[in-house]
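*Asks:* Following this message is one structure expressed as structure tokens.
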Amino acid sequence: MMFQWCRNILLRGVRIAAIAVIVLGLGAPARALDPVAPFQADLERLSEILGALHYLRAICGSNEGQKWRNEMQALVDTEAPNGDRRSRMIANFNRGYRGFQQAYRTCTPAADLAIRRYLDEGAKISREVTARYAN
């Protein structure tokens, strides 16, 4: 039940943050001289969290299939980063996935704890990005 609640908050926050980025025009392709988006570090961390959740939820029997990968794809599609920004987001997703893939082969209490912490952190990032850049 706790996982479902946290998952719903995280997913809702990712979607709201993505919509805020579009509405504010922050998702427009950057010109060569444009500075990095002020929320880029948050998006990269969120990407890493989504990668970790994609791996951990699968080994812990969530039966969510490609849910977290699809959320990452939706974030990339919505943000529409180009070049280096896109590469960094994807690299962070892969880092989150591979980091846990190397450490965990089965679900353990530590993996469950990591899932809870990542759900909480992802929801927090989503809320903060939305609050900071949607107003």
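The values are calculated or read from the model by the stated rules, or taken from the named source; none is laboratory data. What you see is a predicted model; the values in this text were computed from it and never measured. For neighbour counting, all protein chains shown are included, and Cβ atoms are generated from backbone atoms with ideal geometry for every residue, glycine included.
*Asks:* Can you tell me which of Leu26, Leu43, Leu50, Leu33 is modelled with pLDDT under 90 and closer than 21 Å to Thr130 by Cα?
*Replies:* Exactly one of Leu26, Leu43, Leu50, Leu33 is modelled with pLDDT under 90 and closer than 21 Å to Thr130 by Cα, namely Leu26.
*Asks:* Further question on the same structure: Please give the number of the condition Ser87 fails out of (1) modelled with pLDDT under 95; (2) buried (at least 17 other Cβ atoms within 10 Å of the Cβ).
*Replies:* If we test Ser87 against (1) modelled with pLDDT under 95; (2) buried (at least 17 other Cβ atoms within 10 Å of the Cβ), just (2) comes out false.
*Asks:* Report yes if some residue within segment 99-116 is in contact (Cβ under 8 Å) with a residue 60 or more places away in the chain, in contact with a Gly (Cβ under 8 Å, 6 or more places away or on another chain) and surrounded by fewer than 18 Cβ atoms within 10 Å (Cβ to Cβ); otherwise report no.
*Replies:* Scanning segment 99-116, I find no residue that is in contact (Cβ under 8 Å) with a residue 60 or more places away in the chain, in contact with a Gly (Cβ under 8 Å, 6 or more places away or on another chain) and surrounded by fewer than 18 Cβ atoms within 10 Å (Cβ to Cβ), so the answer is no.
*Asks:* So which residues in segment 70-84 are farther than 15 Å from Gln40 by Cα and touching a residue at least 24 places away in the same chain (Cβ under 8 Å)?
*Replies:* Glu71, Ala74
*Asks:* Check segment 74-81 and report whether any residue there is of a type in the set (D, E, K, R) and either touching a strand residue (DSSP E or B) at 6+ places or on another chain (Cβ under 9 Å) or at pLDDT 95 or above (or both).
*Replies:* No, segment 74-81 contains no residue that is of a type in the set (D, E, K, R) and either touching a strand residue (DSSP E or B) at 6+ places or on another chain (Cβ under 9 Å) or at pLDDT 95 or above (or both).
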